[in-house]
Amino acid sequence: MLNHDKTDVYTQVSTSQILCSGLLETNFTVKDLKNYGDFGFGATAGMQENIMILNGEIISPTDKAIEHHVAICFLSYFISDSELTLEHSMDINELRKEIQSFLISENIVNLVKINGHFDFIQTSSFPKFKKPYPIITEEIVNNSTNKIFYDTSGTLLAFWLPDYCKCINAGAGGLHIHYISDDRNICGHVLDCHITSGKVKLSSKHTISLKLPDCSDFHQLNICENSIDKRIEAWAKEGVGGREGSNTSGFDI
């Protein structure tokens with residue numbers, strides 16, 4: 001029997017290819033996202049502000065972000081299907097393998113929530129843009145800013161999308177991970193980490209809802225397929241970041 005419960009739906013606003021083709025804004029606002037889930041992450045127009053959604057709370061650098069339009073977002077309702085306590089410390093590759101072996105299936109959407117303590121977290125901040133938005137190139141991705149934060153406790157939020165979803169999400173076929181510290185001072189896309197202890201919760205979804213932009217810019221957009229897809233994929237799920245930056249601010253894309 002088909003499950004019509006909205007909590008079984010993974011919702012994505014825009015796609016990786018649309019973003020890379022130069023459309024970094026949709027007609028969805030941040031406050032609209034509450035209609036589609038209580039767990040997820042994304043960015044506002046132009047990749048200006050990071051968005052995190054955890055336990056129904058929208059977390060962003062400024063209160064004004066709630067009214068801003070969204071560039072891209074991944075979200076759903078987190079209802080735990082299974083739990084796992086990590087028995088020993090792990091680097092990010094060991095953590096990915098542990099989670100992958102724990103998935104119910106790699107052919108469905110899996111949400112992953114990990115509460116734990118970390119020796120370090122390395123995040124990456126994507127460059128920020130204003131109109132007119134550029135087509136995303138490998139050079140732009142290489143200019144993302146990496147930062148390392150030590151001795152931190154918080155939550156990893158991750159999505160596992162099946163490999164066949166690569167047409168809409170460059171992170172498909174692996175874990176796309178973001179982090180929010182308990183004190184809310186560190187937030188962003190995760191390239192690397194070392195977890196000393198933690199608890200993993202998984203939530204599986206069997207329905208995918210894609211929200212495309214509804215605007216003339218999208219209707220006229222030339223959605224390109226080029227080598228940038230591989231570079232975005234490496235950034236999203238393999239931890240291949242850009243240049244090293246200072247650790248003056250932790251709230252990044």
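For the stretch 112-136, give me each residue that is outside any loop (DSSP other than H, G, I, E, B), open to solvent by less than 40 Å² (accessible area, probe 1.4 Å) and either in contact with an Asp or Glu (Cβ under 9 Å, 6 or more places away or on another chain) or among the small types (G, A, S) (or both).
Selection gives G116, F118, I121, Q122, T123, S124, S125.
What is the residue count in the stretch 166-202 for residues that are within 21 Å of E83 (Cα to Cα) and in contact with a helix residue (DSSP H, G or I) (Cβ under 9 Å, 6 or more places away or on another chain)?
Number of matching residues: 10.
List every residue pair whose Cβ atoms lie under 9 Å apart, where the two residues are 6 or more positions apart in sequence or sit on different chains, the first residue falls within the stretch 60-71 and is modelled with pLDDT under 85, and the second residue, located anywhere, is part of a strand (DSSP E or B).
P61/N50; P61/C187; P61/F251
How many residues does the stretch 66-85 hold that are crowded, with 19+ Cβ neighbours inside 10 Å and of a type in the set (G, A, S)?
2
Tally up the residues in the stretch 43-53 that are open to solvent by 10 Å² or more (accessible area, probe 1.4 Å) and either of a type outside the set (D, E, K, R) or farther than 21 Å from H176 by Cα (or both), please.
Of the residues in that region, 3 qualify.
Can you pull out every residue in the stretch 86-111 that is open to solvent by 50 Å² or more (accessible area, probe 1.4 Å), outside any helix (DSSP H, G or I) and of a type outside the set (S, T, N, Q)?
Hits for the stretch 86-111 are E87, H88, D91, I104, E106.
Name the residues in the stretch 137-172 that are under 20 Å from D192 (Cβ atoms), open to solvent by 30 Å² or more (accessible area, probe 1.4 Å) and either at pLDDT 95 or above or assigned to a helix (DSSP H, G or I) (or both), would you?
Across the stretch 137-172, the qualifying residues are N142, I148, Y150, D151, S153.
If you take the residues in the stretch 27-64 that are assigned to a strand (DSSP E or B) and among the aromatic types (F, W, Y), which one is nearest to the chain's Cα centre (by Cα)?
Here the answer is F41.
When you scan the stretch 223-239, do you find a residue that is in a loop (DSSP other than H, G, I, E, B), under 18 Å from P127 (Cα atoms) and either open to solvent by 20 Å² or more (accessible area, probe 1.4 Å) or in contact with a Leu (Cβ under 9 Å, 6 or more places away or on another chain) (or both), even just one?
yes
The values are calculated or read from the model by the stated rules, or taken from the named source; none is laboratory data. Quick caveat, the model's predicted, so the values are computed rather than measured. Using ideal geometry, Cβ is built from the backbone for each residue, glycine included, and neighbour counts are taken over all protein chains shown. Just so you know, the surface numbers come from the protein's heavy atoms only, side chains and all, with ligands and any DNA or RNA stripped out. Shrake-Rupley method; radii C 1.70, N 1.55, O 1.52, S 1.80 Å.
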